[in-house]
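Trainee: If you scroll down you'll find the structure; I have some questions about it.
The values are calculated or read from the model by the stated rules, or taken from the named source; none is laboratory data. Only a predicted model underlies this, so the values are computations on that prediction, with no experimental measurement involved. All Cβ positions, even for glycine, are placed from backbone atoms using ideal geometry, and neighbour counts span all protein chains on display. Accessible surface is based on the protein model in full, side chains and every heavy atom, while ligands, DNA and RNA are left aside. Shrake-Rupley method; radii C 1.70, N 1.55, O 1.52, S 1.80 Å.
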Amino acid sequence: MSSNLSISETPLAAAEACGARIFRLLEGARKRRGRAFLAVSGGSTPKMMFEWMARQGFDWSGVELFQVDERCVPPDHQLSNYRMMREALLDAAAIPAAQVHRIAGEAEPAVSASQYEAEIRHVLGAGAGEIPVFDVIHRGMGGDAHTASLFPGEPLIADRAGVVAAVWAESMQQHRVTLLPAVLEAARHSLCLACGADKAGPLKSVLQGESDPLRFPSQIAAARTEWFLDRAAAAAL
Ligand code: 6PG
């Protein structure tokens, strides 16, 4: 079994392990370069991790916080990833707004995607044609093996040049804005937190099945990803 796997007894323990690893990586990046660039995912799994992170009294200075993906809804909407992150982490940890770079879910998707790409390029200092390098990208995995907002069958899974795009997620009947594979692969560190029995089957396909990222998008950068799982998610490995 891969040494990149951390299997915890409970979802809370997996969330803590992933959160603690993110903190260590941010500290390392900040020590080396004075700043640290982090992108986090949404969905339901990270909530516990964000709440744990908010309780740790971590020094967020120099950390620039981005989103991996967002649903195209206003920032106070029930489905907004930003809303979940604000409620679970930003408010409680009092992270200065200037360090938080959200995807404008309320804007027209293509416009939001190009604004977000410009902001990433500006903050990370990536010129035209360069792929921005995050220190840490935290991802999740859906029950259909999607990651970020790259769902099975999405043609952009084959794209190796783009940074951000607007996509239509047919299975969710939702417009979304997402980081693209080149950015997920370029990150200095890639982490995935996945918990629950519904993740066991897809995880087996992603980690031990044939390589087919179009079908299993979580295979993007999978070999260099650190996986944080609970027992239920790891059950089929
Ligand atoms: C989102 C995400 C998404 C998520 C997976 C897992 O907006 O939904 O960022 O990519 O990581 O869907 O979501 P759960 O944690 O809810 O299973």
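Trainee: Checking ALA97 against (1) among the hydrophobic types (A, V, I, L, M, F, W, C); (2) open to solvent by 10 Å² or more (accessible area, probe 1.4 Å); (3) in contact with a helix residue (DSSP H, G or I) (Cβ under 9 Å, 6 or more places away or on another chain); (4) touching a residue at least 12 places away in the same chain (Cβ under 8 Å), which test does it fail?
Mentor: Every listed condition holds for ALA97 apart from (4).
Trainee: Can you spot a residue in segment 59-68 that is at pLDDT 95 or above, of a type in the set (Ser, Thr, Tyr), part of a loop (DSSP other than H, G, I, E, B) and surrounded by 22 or more Cβ atoms within 10 Å (Cβ to Cβ)? So that I can check it myself, show each step before the final result.
Mentor: Of the residues in segment 59-68, the ones at pLDDT 95 or above are 59-68.
Subsequent filtering for residues that are of a type in the set (Ser, Thr, Tyr) retains 61.
After this cut, where a residue has to be part of a loop (DSSP other than H, G, I, E, B) as well, the list is 61.
This time we only want the ones that are surrounded by 22 or more Cβ atoms within 10 Å (Cβ to Cβ), so: none.
No: segment 59-68 contains no residue that is at pLDDT 95 or above, of a type in the set (Ser, Thr, Tyr), part of a loop (DSSP other than H, G, I, E, B) and surrounded by 22 or more Cβ atoms within 10 Å (Cβ to Cβ).
Trainee: Condition test on GLU108, is it open to solvent by less than 60 Å² (accessible area, probe 1.4 Å), of a type in the set (Asp, Glu) and more than 15 Å from the ligand (Cβ to nearest atom)?
Mentor: Values: open to solvent by less than 60 Å² (accessible area, probe 1.4 Å): no; of a type in the set (Asp, Glu): yes; more than 15 Å from the ligand (Cβ to nearest atom): yes.
So GLU108 does not fit the description; no.
Trainee: Within segment 124-139, work out how many residues are open to solvent by 20 Å² or more (accessible area, probe 1.4 Å) and in contact with a strand residue (DSSP E or B) (Cβ under 7 Å, 6 or more places away or on another chain).
Mentor: Residues of segment 124-139 that are open to solvent by 20 Å² or more (accessible area, probe 1.4 Å), as a first pass: 124-125, 127-131, 133.
Right, trim to in contact with a strand residue (DSSP E or B) (Cβ under 7 Å, 6 or more places away or on another chain) and you get 124.
Result for segment 124-139: 1.
Trainee: While we're here: Suppose we filter segment 173-199 for residues that are farther than 23 Å from ALA235 by Cβ and open to solvent by 20 Å² or more (accessible area, probe 1.4 Å); how many remain?
Mentor: 7
Trainee: In this structure, does ALA113 turn out to be crowded, with 22+ Cβ neighbours inside 10 Å and over 24 Å from THR225 (Cα atoms)?
Mentor: Working: crowded, with 22+ Cβ neighbours inside 10 Å: yes; over 24 Å from THR225 (Cα atoms): yes.
Judged against the criteria, ALA113 is a match.
Trainee: Something else about it: Name the pairs whose Cβ atoms lie under 7 Å apart, with the first residue in segment 16-41 and under 14 Å from ARG139 (Cα atoms) and at pLDDT 95 or above, the second more than 16 Å from the ligand (Cβ to nearest atom) and part of a helix (DSSP H, G or I), and 6 or more positions between them or separate chains?
Mentor: LEU38/LEU26
Trainee: Is it true that some residue in segment 43-58 is in contact with a Phe, Trp or Tyr (Cβ under 8 Å, 6 or more places away or on another chain) and not in a helix (DSSP H, G or I)? So that I can check it myself, show each step before the final result.
Mentor: Going residue by residue through segment 43-58, those that are in contact with a Phe, Trp or Tyr (Cβ under 8 Å, 6 or more places away or on another chain) are 53, 56, 58.
The next check asks that each one be not in a helix (DSSP H, G or I); those that pass are 56, 58.
Checking segment 43-58: at least one residue is in contact with a Phe, Trp or Tyr (Cβ under 8 Å, 6 or more places away or on another chain) and not in a helix (DSSP H, G or I).
Trainee: Next question. Just checking, how many residues over segment 196-236 are within 12 Å of the ligand (Cβ to nearest atom) and either modelled with pLDDT under 95 or part of a loop (DSSP other than H, G, I, E, B) (or both)?
Mentor: Qualifying residue count, segment 196-236: 2.
Trainee: Determine, yes or no, whether ILE103 is modelled with pLDDT of 95 or more, within 17 Å of ALA166 (Cβ to Cβ) and part of a loop (DSSP other than H, G, I, E, B). Steps first, please.
Mentor: Details: modelled with pLDDT of 95 or more: yes; within 17 Å of ALA166 (Cβ to Cβ): yes; part of a loop (DSSP other than H, G, I, E, B): yes.
Answer is yes for this residue.
Trainee: Here's another thing I want to ask about it. Got at least one residue in segment 131-139 being modelled with pLDDT of 95 or more, of a type in the set (Val, Ile, Thr), touching a His at 6+ places or on another chain (Cβ under 8 Å) and within 12 Å of the ligand (Cβ to nearest atom)?
Mentor: yes
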